[in-house]
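Everything below concerns the one structure shown next.
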Amino acid sequence: MKIHIVGAGAIGGMAGWHMAKNGEDVTFVDQWLEHVEAMKEEGLKITGLRGEQHIPVKAKLPEEIDEPLELVFVACKSQHTEDAVRGIMPRLTPNSVVVSLQNGMNEEKIARLIGPDRVIGALPDYTAALVDPGHLEFTVTGPVYVGELDGTTTPRVLEVQRLLSYLTDAKLTNNIVGRVWTKQVYGCWIVMTALVDASTREVWASDRNRLLSFALVREATSVADAYGIKLEADAYFLPDLIRQTYPEARRSQIAILGVLSDHLNRRSQTADRGPDPNYQFVKKGSGMWWDLVYRKRKTETRWIVGDLIERGAAKGIDLKLNKKLAEMIYEIEDGKRPMQWENLAELAAYATELGEPLSADE
């Protein structure tokens with residue numbers, strides 16, 4: 001089967017690299033000319049958790065696609081999803097399958113354009129970075145969740161699971177919609193970390209900032225509840241605990257974000273090649289931080305926090321704290337606000353006004 005990775009950056013590029021390394025017929029498609037040229041001429045290199053490795057790959061610009069598409073992994077940023085899908089639509093056949101390997105509620109967008117029967121959801125919980133043209137960095141390990149939108153198990157979803165298993169633990173789920181909502185909800189605390197030019201470990205060093213993160217997510221959880229969505233629990237995201245604010249629950253929340261912080265910053269071991277104590281990671285913060293500090297571009301905040309704000313408003317829910325967060329990020333994107341620790345203090349003060357407890361014992 002021919003595979004096309006549309007959006008050959010951090011998430012899609014890393015998945016496609018492992019497929020190609022294992023002998024699958026993969027073509028990387030990206031709109032960044034320099035990245036495509038580098039892949040054509042020099043192949044695709046990865047560094048980071050699995051050491052430095054390099055393979056030759058096939059790469060094209062979107063306008064260079066000249067064949068029917070069989071299996072497509074769409075892995076661009078949320079803001080580019082509709083343009084990316086419209087660009088490949090002329091090459092889709094009735095039997096084509098399009099996999100949304102993205103953060104955000106993009107399965108819905110793609111399904112509206114090409115029909116839900118041709119769409120599979122795949123939610124990444126690993127992280128990586130497109131450092132330079134032809135160079136990806138693997139930064140945090142984690143699974144990827146795969147599922148048909150209607151929850152059924154089909155041969156094609158099992159094939160997608162097999163292909164993604166080259167990279168990481170690919171978990172089949174009959175609730176991919178709930179899993180996507182889950183990451184959308186806890187994406188709020190990732191967006192929060194981009195208020196300051198620092199790593200997630202530094203941001204979450206204080207109990208106040210950990211509880212502020214939970215206050216944002218608790219508010220967002222109310223939107224999922226209003227839509228009757230079953231959120232999925234895991235080691236770091238426990239919906240029932242998130243909804244609680246009593247002191248013992250807050251202490252548990254503080255502990256959980258401490259464990260998550262350790263996981264996101266556990267970058268001293270390379271999974272395939274053993275310890276590499278001399279390697280210095282280029283990407284040190286969240287994806288939002290990476291966009292603002294390294295790529296100098298707008299983040300996906302409008303399609304994560306902003307999306308939840310709109311969905312909440314449709315149900316009569318006013319996400320006041322998340323609105324404040326989004327406004328601050330937009331100001332940073334527009335150059336009207338610096339990334340600084342005072343931003344977290346300002347957001348925490350507003351949370352306190354809203355009645356959110358930001359210490360373990362108050």
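The values are calculated or read from the model by the stated rules, or taken from the named source; none is laboratory data. This one's a predicted model, so the numbers in the text were calculated from it and none came from an experiment. Positions of Cβ are generated from backbone atoms using ideal geometry, with glycine treated the same way; all protein chains shown enter the neighbour counts. The area values use the complete protein model at the heavy-atom level, side chains included, leaving out ligands, DNA and RNA. Shrake-Rupley method; radii C 1.70, N 1.55, O 1.52, S 1.80 Å.
Sparsely packed loop sites in the stretch 188-248 (the chymotrypsin sites (Phe, Trp or Tyr not before Pro) outside DSSP H, G, I, E and B with at most 15 other Cβ atoms within 10 Å) comprise TYR227, TYR236.
Check the straight Cα-Cα distances from LYS336 and name the aspartates and glutamates below 16 Å, setting aside those fewer than 8 residues away within the same chain. Within the straight-line cut-off, LYS336 pairs with ASP197, GLU327, GLU346. The three principal axes of the C-alpha atoms in the stretch 130-261 carry coordinate ranges of 47, 41, 20 Å, sorted with the longest axis first. On the chain, 50 percent of the accessible area sits on carbon and sulfur atoms, based on a 1.4 Å probe. Largest first and in whole Å, the equivalent-ellipsoid semi-axes of the stretch 64-135 read 21, 16, 11, each the square root of five times a Cα gyration tensor eigenvalue.
Rolling a 1.4 Å probe over the heavy atoms of the protein chains gives the stretch 272-362 an accessible area of 53 Å² per residue. Summing +1 for each Lys or Arg and -1 for each Asp or Glu among the other residues whose beta-carbon sits under 13 angstrom from that of GLY228 gives +2. Projecting label points 7 angstrom from Cα along Cα→Cβ for ARG112 and ASP318 puts them 2.7 nm apart. Taking amide H as placed 1.01 Å from N in the peptide plane, HIS135 has its amide H under 5 Å from the amide H of LYS45, each at least 5 places away in sequence or on another chain. A Förster radius of 35 Å, combined with the Cβ-Cβ distance separating GLU63 from ASP150, puts the computed FRET efficiency at roughly 0.55. The convex hull of the Cα atoms of the chain, projected and averaged over all directions, covers 17.5 nm².
Between LYS336 and GLU52, full extension at 0.36 nm per residue minus the direct alpha carbon distance yields a gain of 98.4 nm. Phi angles across the stretch 282-288 convert, under the Karplus curve 6.51 cos²θ - 1.76 cosθ + 1.60 with θ = phi - 60°, into 3J(HN,Hα) values of 7, 8, 10, x, 6, x, 5 Hz, Gly and Pro given as x.
Net charge in the neighbourhood of LEU344 (other residues with Cβ under 13 Å of its Cβ; Lys, Arg +1, Asp, Glu -1) is -1.
Extending 7 Å from Cα along the Cβ direction at ARG243 and again at ASN95 yields two label points whose distance is 4.6 nm. Here the Karplus relation 6.51 cos²θ - 1.76 cosθ + 1.60, evaluated at θ = phi - 60°, turns the backbone of the stretch 149-159 into coupling constants of 5, 8, x, 7, 9, 10, x, 6, 6, 5, 5 Hz, with x for every Gly and Pro. Counting charges near PRO90 (Lys, Arg +1; Asp, Glu -1) among other residues having Cβ under 12 Å from its Cβ returns a value of -1. Between ALA349 and ARG295, the C-beta separation translates, for a Förster distance of 25 Å, into a calculated FRET efficiency of about 0.25.
Over all projection directions, the Cα-based convex hull of the stretch 109-168 averages an area of 5.3 nm². For the stretch 86-150, the per residue solvent-accessible surface stands at 32 Å², with DNA, RNA and ligands left out and a 1.4 Å probe.
Pairs exceeding a 24 Å alpha-carbon distance, out of LYS171/LYS296; LYS45/LYS283; LYS296/LYS320; LYS77/LYS296; LYS109/LYS315: LYS171/LYS296; LYS296/LYS320. Taking a ≥ b ≥ c as the square roots of the eigenvalues of the Cα gyration tensor of the stretch 209-346, is the shape rounded (a/c under 1.5), prolate (a/b larger than b/c) or oblate? Note, shape of the stretch 209-346 comes out oblate. Annotation: the antiparallel percentage among DSSP beta bridges lying fully within the chain is about 35.
When every alpha-carbon pair in the stretch 304-355 is counted, what percent end up more than 13 Å apart? Every Cα pair in the stretch 304-355 considered, those over 13 Å come to 61 percent. Each residue of the stretch 40-51 is assigned a 3J(HN,Hα), and the resulting list reads 5, 8, 10, x, 10, 9, 10, 10, x, 4, 10, x Hz, derived from the Karplus form 6.51 cos²θ - 1.76 cosθ + 1.60 (θ = phi - 60°), x at Gly and Pro.
Here is how the number arises for the chain: DSSP H runs of 4 or more residues each give -39500 (n - 2.57), the sum is divided by the residue count, and the result at 222 nm is -13000 deg cm²/dmol. In terms of its C-alpha gyration tensor, the stretch 1-115 comes out prolate, because a/c is 1.5 or above and the ratio a/b outweighs b/c.
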